[in-house]
Amino acid sequence: MGTLTFDAYQAPNIFPHFICKSQKKSLLLQTENNFINHQNFQNMKKFIIALMLFVPVALFAQKFGHVDTQAIMTTLPEIAKINGELQALAKKHEDQLIAMQNELKRKADDYDKNKSTMNAMLQQQTENALQEENQKIQQAYARAQQEMEARQKEMMEPIYEKVKTAIKNVGKAGQYTYIFEQDAALYVGVGSKDLTNEVKAEIARLK
């Protein structure tokens, strides 16, 4: 298996084949073009869709804007650092799981080779030991997945807050009534201004 890469958002299938299929969620992430996984991106959309800027303007003076949060997120330099940390953490877990898998395979092969020389009781004991070791690997995988998800959430939360703050600042400065996520809207007309670049600029000023 070659060198594996990770990013802050999504993880493909890389762990031992004997792990239950239903548990193969994966820690590895696709490519740097897939910075935002479906769940995180949907969460980002939700807070933007729900973001109401309480600007005291008359109904006839309402202003609407929209942003492309994916374009905003992919330009943040913090993402590269987060990706690197997640890649290193996932590689550590992968190496540990592969080592456990190889050890289990060695023991299973040894059992198959010597099974005919064992009595029924010894066969049962060996099979039970192999099953227990397999369960330990599955548990290790689950712990690794949980640690990856927790670490990802911990590192991404400040990024989300920074983007949210920038959107609010742009909205208040421009006296916008609502700012929407453009990919979540069924239709974006000429009456809605694209504020993506303004939000990027505001994020730069927040640093």
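No value in this document is a laboratory result; all are computed from the given coordinates. Since the structure is predicted, the reported quantities are computational estimates derived from the model, not experimental observations. Positions of Cβ are generated from backbone atoms using ideal geometry, with glycine treated the same way; all protein chains shown enter the neighbour counts.
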Cα-based Rg and Dmax for the stretch 53-191, in Å, come out at 27.2, 89
Mean Cβ-within-10 Å packing, highest first, puts peptides 151-157, 63-69, 164-170 in the order 63-69, 164-170, 151-157
Checked against a 25 Å limit on the C-alpha separation, the offending pairs among LYS172/LYS193; LYS81/LYS207; LYS91/LYS164; LYS164/LYS193; LYS63/LYS168 are LYS91/LYS164
Subtracting the Cα-Cα distance of LYS164 and LEU206 from 0.36 nm times their residue separation yields 14.0 nm
Burial-style ranking of 75-88, 99-112, average other-beta-carbon count within 10 Å with highest first, yields 75-88, 99-112
If the chain between VAL188 and ASN102 were fully extended at 0.36 nm per residue, the gain over the current Cα-Cα distance would be 25.5 nm
